[in-house]
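Everything on this sheet refers to the single structure shown next.
The values are calculated or read from the model by the stated rules, or taken from the named source; none is laboratory data. Every value quoted in this text rests on a predicted model; they were computed, and no experiment measured them. Positions of Cβ are backbone-derived with ideal geometry, glycine not excepted, and every protein chain shown enters the neighbour counts.
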Amino acid sequence: MADITEPDSSDRLGLYLTAGAAAIGIVIAVVSTVARLVEVAPGHDIPVQVALDAQATVLPLGPNGAPVDSTIDSATVVVADPAPATLVALWAEPIVAGLMWIGLLVVAALFCLRLARAQVFSRSTARLLYIGGGILTVGYLLGTTLANMTSNGALSSISDGTYETVAVSVSLAPAIGVLVLAAVGTAVQVGERLQRETEGLV
């Protein structure tokens, strides 16, 4: 069922270009995922980003590289021999992140195509937005869990278990994103119902 208002030619072109940009983003996500898996593949000497608890250090940030007292919340360390559980998490983390971004970009591209074709107020569009919210929720929860496992596993490995592990911080941005997608999906459902009722009165 077509919507009442259709985008003009310039808006339609912009939407198609946005969908094309999403397709490029999918390629970038695939390349990034593969690149990380290549780093993990040897099973040893793997660079891992770890979370730190405001670790005091000195960095050469002053004039001509003069040392400056600093605190850092994260660092990249090389783990020579990760534990099996850490290695599994190192494999899974980029795969989950890659699948999440690919899924979200596919949803974004399909949504833009539906907008370009004046198919906004439909149950299919609402379901598409709900699917995007589900992908973001599952991807974020799994990604956060795996990031926690890799960070703590790496710290335990390089310190022989003597460094106190730090929980990965939780961001509100994904939660806000899920709420926005759910709200837009609900608005689309309401619009679809109103449009159907309006057409029934004609």
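Just a few scattered comments:
For every residue, the table says whether it meets (1) among the aliphatic types (A, V, I, L, M); (2) over 30 Å from Gln195 (Cα atoms); (3) outside any helix (DSSP H, G or I).
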| site | (1), (2), (3) |
| --- | --- |
| Leu15 | yes, no, no |
| Gly20 | no, no, no |
| Ala29 | yes, yes, no |
| Val50 | yes, yes, yes |
| Ala54 | yes, yes, yes |
| Thr86 | no, yes, no |
| Pro94 | no, yes, no |
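- A search for C-beta distances below 6 Å between a residue of the stretch 11-29 that is under 11 Å from Leu113 (Cβ atoms) and touching a residue at least 24 places away in the same chain (Cβ under 8 Å) and any residue that is surrounded by fewer than 17 Cβ atoms within 10 Å (Cβ to Cβ) and among the aliphatic types (A, V, I, L, M), counting only pairs 6+ apart in sequence or on different chains, returns Ala19/Leu113.
- Within the stretch 131-190, if we keep just the residues that are touching a strand residue (DSSP E or B) at 6+ places or on another chain (Cβ under 7 Å) and among the hydrophobic types (A, V, I, L, M, F, W, C), the residue that is surrounded by the most Cβ atoms within 10 Å (Cβ to Cβ) turns out to be Ala154.
- Among the residues making up the stretch 140-178, a single one is modelled with pLDDT of 85 or more and closer than 25 Å to Val120 by Cβ: Ile176.
- Within the span defined as the stretch 71-81, one or more residues are in a loop (DSSP other than H, G, I, E, B) and touching a helix residue (DSSP H, G or I) at 6+ places or on another chain (Cβ under 8 Å).
- Among the residues of the stretch 115-160, the one identified as over 23 Å from the mean Cα position of the chain (by Cα), part of a helix (DSSP H, G or I) and of a type in the set (D, E, K, R) is Arg123.
- Test: residue in the stretch 163-184 that is touching a Pro at 6+ places or on another chain (Cβ under 8 Å) and either small (Gly, Ala, Ser) or in a helix (DSSP H, G or I) (or both): no
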